[in-house]
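The values are calculated or read from the model by the stated rules, or taken from the named source; none is laboratory data. Note that the structure is predicted; figures quoted are calculated from it, not measured. Cβ atoms come from the backbone with ideal geometry, glycine included; neighbour counts cover every protein chain shown. Side chains included, ligands, DNA and RNA excluded: accessible areas come from the protein's heavy atoms. Shrake-Rupley method; radii C 1.70, N 1.55, O 1.52, S 1.80 Å.
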Amino acid sequence: MTNHWNDIQNSDCVFIIGSNAAVNHPISFKYVVKAKEENDATLIVVDPRNTRTAALSDIYAPIRSGTDIAFIGGMIKWVLDDIEVNPDLYNMTYITEYTNAAVLVNPDLQTAAELDGKFSGFTPGSNPEFGKYDRESWSFQTDSDGILLRDPTLKDPDCVFQLMKRQYERYDVDTVSRVTGTPKETFLQVVETYARKTGPTGKSGTIMYAMGTTQHTHGTQNIRAYSILQLLLGNIGVAGGGINALRGESNVQGSTDHGMLFNSLPGYLKAPEAMDITLADHNKRCTPVSYDPKSANWWQNYPKYMTSLLKSWYGENATVENDFGFGWLPKINPGSNYSHIALFETMLKGDIKGLFCWGQNPVVGSPNGHAVVEALKKLDWLVAIDLWDTETASFWDMPELNPSTIDTEVFLLPAAAFNEKEGSVINSGRWSQWRWKAVEPVGEARADLEIVTELMLEIIDLYEKEGGPVSDAITRLRWKGWYDDPVGKNGADSLVDLVSREINGFAEEQILNADGTVQYEKGDLLGSFAHLLPDGKTSSSNWLYTQSYNKKDGNRQKWRDNVDTHPAGIGTFSNWAWCWPLNRRIIYNRASVDLDGKPWDQEDYVISWNGETWDGDVPDGGWPPMNQEGTRYAFIMRQHGFAHLFGPGLVDGPFPEHYEPLESPVSNLLSNTQVNPVVKLWRPDEIGTPDKYPIVCTTYRMTEHWQAGQMTRNLPWLGELMPKMFVQISEELAAEKGISGGDIVTVDSKRGSVECAAIITKRLTPLMVDGKPVHHIALPWHWGFKGQFTGQSANLLTSYVGDPNTLIPEFKAFLVDVRKGGLS
């Protein structure tokens, strides 16, 4: 999230797509309401369902699920065309100086417009519809010094701006309406309102999204499309702007920050790969190089962060002589897949013998629930750590299974709830906030941190006694004598306090300033990630969080001053909790000022140059403005310093291109490439076709239930509000199928069937797609066969297919049919 919830109040227009924010994110929506009431902001909602959020909007646009890129691509085309006619209505300095619109691209590049839906470099696999890209032609042109070539006039045919125009020329209003099902007049109202209210200099708009955006075979490119639109309108880095993810859990931001994805380490460092023989090899592969002196290229500091992470893990055992323990780390094979679906398919083959299932319930929450159960049956052992018995812990008790035929040994460890333990939680705005324990855990339940600490101590003991492959990776961790006796370690007063300090980072030995004075004594907390070193003298479990806990201020995550100290009163609340990085509340805020450091928006400014330094929020680097010596470009995390309209880093194209979902009732109207050609597909024989499954289905969440339901279906006062699994059906589809409200119906997909009650609603209507009506239905996914309130999971219907960049499954668009009557 580039901005933060409070900052939404500064928006001139709020664009919500793929999220029922008023229901699922009520705190963020509080500031949407405030923007409407106090800033005369317009609220636009784009969603397949006319949700409770849409009911509060000024403009509601229905859209066929899975067609975001067609919709946003149409908006991009409209803005590009309008810039040609009305450049004074847009911040052209922002576009030319802060984005890569002016950068020249390899002339060998061919866009999807030129290659019928694919980009240059595509090589088909055994199935010619799918393959992979060689991205060599997706490169930038440079001069003899390695600095990017640019055309500030935006006229060169190889510049990004002209390439975008060619890419999105097909996305005219009529075609967008035919693809998305959005009425033409409504689409035009959306794009004209958003462009006119947020494009002019000094204005801003924010895009808010959630799982309705990401859970597609092109989910990453959906967000890229939002980024392009926001950059063209100058809406990144400014107050009231940004692309703001409304996370599906209260600590999803924190889990990704701290390396919970298979391909990243804490702080978004990269997982070591097999070709990384040494730490130097790894650092060379992962550290970008820029030859432009104006590019901060902040990731050039990667070696400092990686070495400090290794020192945090291995302490005194990480030395220069042993490459700081880098050789002990497991390495992933390039091109191999260790994502969620891949793990369960590997279990099914018998290659994974055991599973720790920590605070998740994949039998309900994973796609293709039947496939998940079949995989769990192949395990030797399963450890479930949760508050209640879940469908995963008791998968063997699924009604259609015979437990006597299942050999998996299952252990259930009772875990403490969030209010029974203390620690940090990181919200979508990157605020790390401390939660204090309210009550003691019930019975034998324990905090997750205590469970994993004791478990690891036992594992270390076993390795010390019995040995094993690469045993040093386990036995030489800074664990024994550290986590089992935390009080007093570098000033800590408890286990959770020690871990929080360790995340911030320590001086591992005395560190001197350039003049010979002492900067840090051994064990001191570090005050900034700028102080991390590549030589082993510092440690940090996550460089982004260095400053969250320091000697001067203590644990800043505990700060609770609700006075807004920002001089423009934009609602940064900088003394409430702590925000990475360095308590910066709005990232890329150097883009909020002109080349002289004067804010685009003089009233609601983020930072402002006073002639000597920056006022306002913590600046994205303290260098002077762009027109002065010693400056740096605004987008400091990008290799070359410019925001990416053209993004060569994704595996499925440098520009977003519309593809149909894996299962779709229609052909792609924008090209003959039906599906994302580099999508990751498992079980191709389980793809449904529209002749048998003509209805588009999407899943969603409700206020009354939480995720896979174990926290809410065991609470009578919540379960009674929404006791049974149901499906939302339009009045038109109900009439066609002869279904009345309250009827028991069966929803069928290629993967399975679920029985549920029918709710006939005006929230869904058929959409006219290429002149033909397409029906949607919507299923909440919170139910399972355990707990006080039971039902079948909607994810018995969803498919094993993933976005090629993130591998997130396509929960939000798949094909089904509906029939009256139950399963029996």
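In this rough spin-label picture, where each label sits 7 Å from Cα along the Cβ direction, the Gln141-Ala274 distance is 4.0 nm. The range 674-750 and the range 114-191 have Cα centres lying 34 Å from one another. Helices in the chain that qualify as membrane-span-like (whole DSSP H runs, Cα extent of at least 24 Å along the helix axis, mean Kyte-Doolittle hydropathy of -0.5 or higher) are 68-85, 448-466.
Within straight-line reach of Lys820, meaning a Cα separation under 19 Å, sit the following lysines at least 8 residues removed in sequence or on another chain: Lys692, Lys724, Lys737, Lys750. Calculated accessible area for the range 500-598 comes out at 37 Å² per residue, all protein chains present (probe 1.4 Å; ligands, DNA, RNA ignored). Available extension along the chain between Lys522 and Ser667 is 45.8 nm, counting 0.36 nm per residue and deducting the alpha carbon span. Dipole magnitude for the range 438-534: computed about the Cα centre from +1 point charges on Lys and Arg Cβ and -1 point charges on Asp and Glu Cβ, it is near 260 debye.
Taking θ as phi - 60° and the Karplus parameters 6.51, -1.76 and 1.60, the scalar couplings of the range 118-126 work out to 10, 9, 4, x, 7, 10, x, x, 5 Hz in sequence order, x denoting glycine and proline.
In the full protein context, the range 661-796 carries 40 Å² of accessible surface per residue, based on a 1.4 Å probe and ignoring ligands, DNA and RNA. Scanning residues 5 or more positions from Gly527 or on other chains, none has an amide H under 5 Å from its amide H, with H placed 1.01 Å from N in the peptide plane. Of the trypsin sites (Lys or Arg not before Pro) found in the range 683-737, those that fall in a DSSP loop while having at most 14 other beta-carbon atoms within 10 Å are Lys692, Lys724. Here is the list for the range 467-520: trypsin sites (Lys or Arg not before Pro) lying in DSSP coil, each with at most 16 other C-beta atoms within 10 angstrom of its C-beta, are Lys480.
Surface composition of the range 181-256: carbon plus sulfur atoms contribute 53% of the solvent-accessible area (1.4 Å probe, protein chains only, all chains present).
Taking GluC sites (Glu not before Pro) in DSSP loop conformation with at most 10 other Cβ atoms inside 10 Å as exposed sites, the chain has its longest uninterrupted site-free stretch at 1-320.
What does the helix-only formula give at 222 nm for the chain: each DSSP H stretch with n ≥ 4 adding -39500 (n - 2.57), the total divided by the residues, and the result rounded to the nearest 500 deg cm²/dmol? Mean residue ellipticity, 222 nm, calculated: -6500 deg cm²/dmol. Between Val320 and Ala757, the contour length at 0.36 nm per residue exceeds the alpha carbon distance by 150.9 nm. For trypsin sites (Lys or Arg not before Pro), the sites in the range 267-369 that DSSP calls loop and that have at most 11 other Cβ atoms within 10 Å are Lys349, Lys353. The lysines whose alpha-carbon is closer than 21 Å to the alpha-carbon of Lys36, local same-chain residues fewer than 8 away aside, are Lys197, Lys203. About its Cα centre, the chain has a charge dipole of approximately 880 debye under the convention of +1 per Lys or Arg Cβ and -1 per Asp or Glu Cβ, with nothing else charged. Accessible area of the range 690-768 with a 1.4 Å probe: how many percent of it is carbon plus sulfur? Roughly 56 percent of what the probe reaches on the range 690-768 is carbon or sulfur. Among residues other than Asp108 with Cβ under 13 Å from its Cβ, the summed charge is -3 (Lys and Arg +1, Asp and Glu -1).
Remark: spin-label model distance Asp461-Asp564 equals 5.5 nm, labels positioned 7 Å along the Cα→Cβ axis. The charge dipole of the range 276-427, taken about its Cα centre with unit charges on the Cβ atoms of Lys, Arg (+1), Asp and Glu (-1) only, comes to about 740 debye. Heavy atoms of the protein chains alone define the surface here; on that basis the range 273-362 has 47 Å² accessible area per residue at 1.4 Å probe size. The packing ranking, built from the mean of other Cβ atoms within 10 Å per residue, places the peptides 241-247, 767-773 in the order 241-247, 767-773, highest first. What does a probe at Leu823 reach in the range 671-695, counting residues whose amide N is under 19 Å from the point 7 Å along Cα→Cβ? Answer for the range 671-695: none. Take the Cα of Thr689, step 7 Å toward its Cβ, do the same at Val442, and the gap between the two points is 5.1 nm.
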